[in-house]
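The values are calculated or read from the model by the stated rules, or taken from the named source; none is laboratory data. Just so we're clear, the structure is a prediction, and the values are computed from it rather than from any experiment. Backbone-built Cβ (ideal geometry, glycine too); neighbour counts: all protein chains shown. Quick note on the areas: whole protein, heavy atoms, side chains included, nothing else; ligands and nucleic acids left out. Shrake-Rupley method; radii C 1.70, N 1.55, O 1.52, S 1.80 Å.
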Amino acid sequence: SPAKPPAQPAQPAPSPPSMLSLQLEKALNKTAVAVEEKDAALRLTSKLEAELILERARAERLAAAVKEIGGSVGVGGFGGLMAMLMTEEDYTTETRKSVKEMMAQRRK
C-alpha cells in the first residue's frame, strides 16, 4: 500500500483581530470617508467659484447697460453728474421710471 505523506502540523487558528487593530481600521475608514467628502466639497467650491465669476461678469454687463440706457433718458442730471452720487438701486429705479414715462408719452 502506498505510503501516506507525513502529516502536516496543525496550523494554529488565526487569532481574532485585536481591539487596537479594529479601532485602527475604523479610524482609517472614517478618514477615507472624510477625505472623499472633502474632495467633493472642494470640487463643488471650485464649480461655484467659477459660476460666481461668470455671474459677476454678467451683472457688470447688465449694470453697464442700465447706466447707458439711464444716460440716454437723462437719469443723473446734466452730464450724469448726479449719477455718481446715486446707488445702483436708485439709478436702476430712476432709469425704469424714466423709460416708463417715455413709453407712456409715446402712447398718447
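Points to keep in mind about this one:
- Residue pairs meeting the criteria (Cβ under 8 Å; at least 6 apart or on separate chains; first closer than 20 Å to residue 62 by Cβ and open to solvent by less than 90 Å² (accessible area, probe 1.4 Å), in segment 96-108; second in a helix (DSSP H, G or I) and modelled with pLDDT of 90 or more): 98/70; 99/69
- Every pair of residues 6+ apart whose Cβ atoms lie under 8 Å, when the first sits in segment 59-88 and is closer than 21 Å to residue 102 by Cα while the second is among the aromatic types (Phe, Trp, Tyr) and open to solvent by 100 Å² or more (accessible area, probe 1.4 Å): none
- Any chance residue 47 is basic (Lys, Arg), at pLDDT below 90 and open to solvent by 50 Å² or more (accessible area, probe 1.4 Å): no
- The listed residue being among the hydrophobic types (A, V, I, L, M, F, W, C), part of a helix (DSSP H, G or I) and touching a Gly at 6+ places or on another chain (Cβ under 6 Å), out of 50, 83: 83
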